[in-house]
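The values are calculated or read from the model by the stated rules, or taken from the named source; none is laboratory data. Computed from a predicted structure; not experimentally measured. FYI the Cβ positions are ideal-geometry reconstructions off the backbone, even for glycines, and counts take in every protein chain you see.
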């Protein structure tokens with residue numbers, strides 16, 4: 001639960017800095033990609049009550065479809081007024097002229113603690129201008145079902161990828177249950193990168209001469225493919241994970257809730273959903289969950305500094321009202337009362353968070369073991385296209401449609417193609 005110093009949802013600063021909406025009804029649309037749809041709708045109802053004359057249509061979409069859908073819409077003058085995107089999409093959206101620069105919007109009102117209070121603002125910059133407002137910050141970490149590990153005789157959390165595989169085998173052998181499982185469809189992207197980074201490589205890296213090149217060898221990619229494939233080949237995880245696209249897929253979460261899976265990796269908001277679901281099912285029972293940092297390889301554990309950004313569509317007919325909605329969505333009470341599974345991307349609010357004991361692994365990962373996507377975005381390739389070709393290649397290898405060697409060769413061809421664009 002986030003614990004912020006409470007203050008009114010719409011501060012005097014916001015009221016003073018934004019003109020009253022005209023009597024004519026203004027209809028805004030806000031596209032939201034996360035699972036907290038009911039909570040966000042309740043928040044928007046409060047916004048509408050505080051702003052007579054403005055209504056907000058909440059549109060939802062899956063993360064995997066969000067980027068491409070908005071780029072298609074904006075290219076033909078359409079799309080929602082305010083859009084929820086990933087940190088690393090902002091520069092691409094700006095280059096496509098799909099979103100408005102912040103300097104065009106601040107005339108309608110300033111943030112209480114200034115734009116400088118937001119983290120990761122460098123990811124919003126394109127051609128010297130900021131084009132988005134960081135909304136929430138997160139990363140992935142390990143989650144453990146402590147009672148199942150104890151049943152398997154495991155007394156310490158694994159610290160390396162090899163330990164994780166060994167412990168998964170132990171859980172299967174002693175309990176017949178799943179040790180570690182993961183989303184192996186589109187979002188295999190995340191564990192793949194964590195594996196590569198912790199072993200000293202990355203898909204794209206700076207070449208030292210002002211350009212960019214492939215940062216992983218064929219052997220390193222094959223090794224990563226074989227590592228994750230071993231969970232399926234050895235029967236340690238069900239083949240059904242090949243169709244699981246999200247870490248919050250009910251099949252994964254239910255296995256953890258029922259005590260049929262011992263270990264997983266997931267983002268902060270999914271873990272909080274898991275804890276809340278267990279408490280609802282077992283009120284008053286001690287939590288059988290804990291968290292820890294990601295696995296290490298030849299180097300230390302690394303995950304991405306991720307998060308969400310809010311942008312205003314360059315095609316909006318209501319920039320002032322859209323900005324007012326964006327300011328509402330970045331206010332502290334929004335995170336305290338509605339968007340409680342997320343960490344705000346503002347320094348002043350992050351300093352107020354009180355972590356539960358079960359969340360300390362996420363706290364340590366976020367504070368000490370994260371990195372940005374770096375060259376993936378800076379190279380001009382973009383995280384989205386690289387994500388797509390990587391997930392597709394790993395999918396063909398894990399499913400057995402191709403050997404790991406063949407899939408790695410195809411992936412390297414695709415990355416070179418993206419770099420040559």
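In table form, for the structure just shown:
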item	result
Residue 357 vs. criteria on the phi < 0 side of the Ramachandran plot, at pLDDT below 95, more than 21 Å from the chain's Cα centre (by Cα) and not assigned by TED's automatic domain parsing to the domain that holds residue 53	yes
Long-range neighbours under 7 Å by Cβ, at least six apart or interchain, first residue at positive phi within region 61-86, second modelled with pLDDT of 95 or more and crowded, with 16+ Cβ neighbours inside 10 Å	77/315; 79/70; 79/73; 79/313; 79/315
Some residue of region 49-64 being assigned by TED's automatic domain parsing to the domain that holds residue 327 and within 21 Å of residue 346 (Cβ to Cβ)	yes
Matching strands (runs of 3 or more DSSP E) fully within region 177-270 where at least 3 residues are buried (at least 19 other Cβ atoms within 10 Å of the Cβ)	178-180, 261-267
Selection from region 101-124 of residues that are modelled with pLDDT of 90 or more, closer than 29 Å to residue 362 by Cβ and either assigned to a strand (DSSP E or B) or out of contact with any strand residue (DSSP E or B) (no Cβ under 9 Å at 6 or more places or on another chain) (or both)	114, 116, 118
Any hit, region 335-352, residues being free of Cβ contacts under 8 Å to residues at least 40 places away in the same chain, part of a loop (DSSP other than H, G, I, E, B) and either touching a helix residue (DSSP H, G or I) at 6+ places or on another chain (Cβ under 9 Å) or over 30 Å from residue 73 (Cβ atoms) (or both)	yes
In region 363-374, residue modelled with the lowest pLDDT [restricted to those that are part of a helix (DSSP H, G or I) and crowded, with 19+ Cβ neighbours inside 10 Å]	366
Selected residue (only one of 381, 311 is at pLDDT below 95 and in contact with a helix residue (DSSP H, G or I) (Cβ under 7 Å, 6 or more places away or on another chain))	381
